Amino acid sequence: MSCPDCLTGDILPGEPTGAFSSQGAYFAPAPGNSSKSKRAILLLTDAFGLPLKNSKILADKLAAELRCDVWVPDYFEGRPLANLDSMFLLPDRAGVKMTLFKWFRFILAMIPKLPAAYSSRPAVVDARLSKFISAILEEKNYQKLGAVGFVWSTPLVRYAAYLLSIG
């Protein structure tokens with residue numbers, strides 16, 4: 001997490017339409033016959049992971065508009081760094097000053113997440129992502145695979161690009 005603003009935001013309207021795969025990832029198939037898609041996107045989540053439906057809704061929208069498969073891996077293994085309740089502890093927009101009491105509440109809310117942060121340190125998440133990419137490339141035989149992410153997952157996008165460049 002780079003700053004407290006990483007935990008502010010909103011929940012998108014709508015419900016996800018994809019499904020969870022055998023790898024534990026959310027899968028939004030390309031419209032039509034998804035087994036024939038030769039292109040895919042990895043949508044890498046922020047610190048909220050898969051419990052926040054926003055990433056799944058974005059995956060569905062990307063799959064429909066770009067006509068390719070979209071995968072949202074659970075590299076936190078069900079233990080995201082932030083929960084939905086923490087989203088509402090901080091201001092709803094950047095630049096709003098927090099009181100000392102609100103900072104204290106935020107810090108107290110984050111203390112129980114320290115074990116999840118340790119179990120999702122970069123070396124561990126990199127290995128999980130590498131294993132996931134290998135599995136879907138073998139299973140689906142994609143010709144093109146791209147990655148997109150934001151906030152917490154930005155370094156993972158670079159790592160995914162590196163993995164794809166070395167084959």
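Laboratory data are not the source of any read-out in this text; all were calculated from the coordinates shown. Given the structure is predicted, the values throughout are model-derived calculations rather than measurements. Virtual Cβ from ideal backbone geometry, glycine too; neighbours counted across all protein chains shown.
Summary of values
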| read-out | value |
| --- | --- |
| Relative contact order (percent, whole number), the chain, Cα cutoff 8 Å, 6+ residue spacing | 30 percent |
| Projected-area mean, the chain, by convex hull of Cα positions, square nanometres | 10.1 nm² |
| Whole-Å semi-axes of the ellipsoid equivalent to region 79-167 (Cα gyration tensor, √5λ, descending) | 35, 15, 10 |
| Using alpha carbons only: equivalent-ellipsoid semi-axes of region 46-110, gyration tensor based, whole Å | 30, 15, 7 |
| Per-pair calculated FRET efficiency, R0 = 30 Å: residue 117 and residue 141 via Cβ, rounded to 0.05 | 0.25 |
| Sparsely packed chymotrypsin sites (Phe, Trp or Tyr not before Pro) within region 67-167, loop by DSSP, other Cβ within 10 Å at most 14 | 88, 150 |
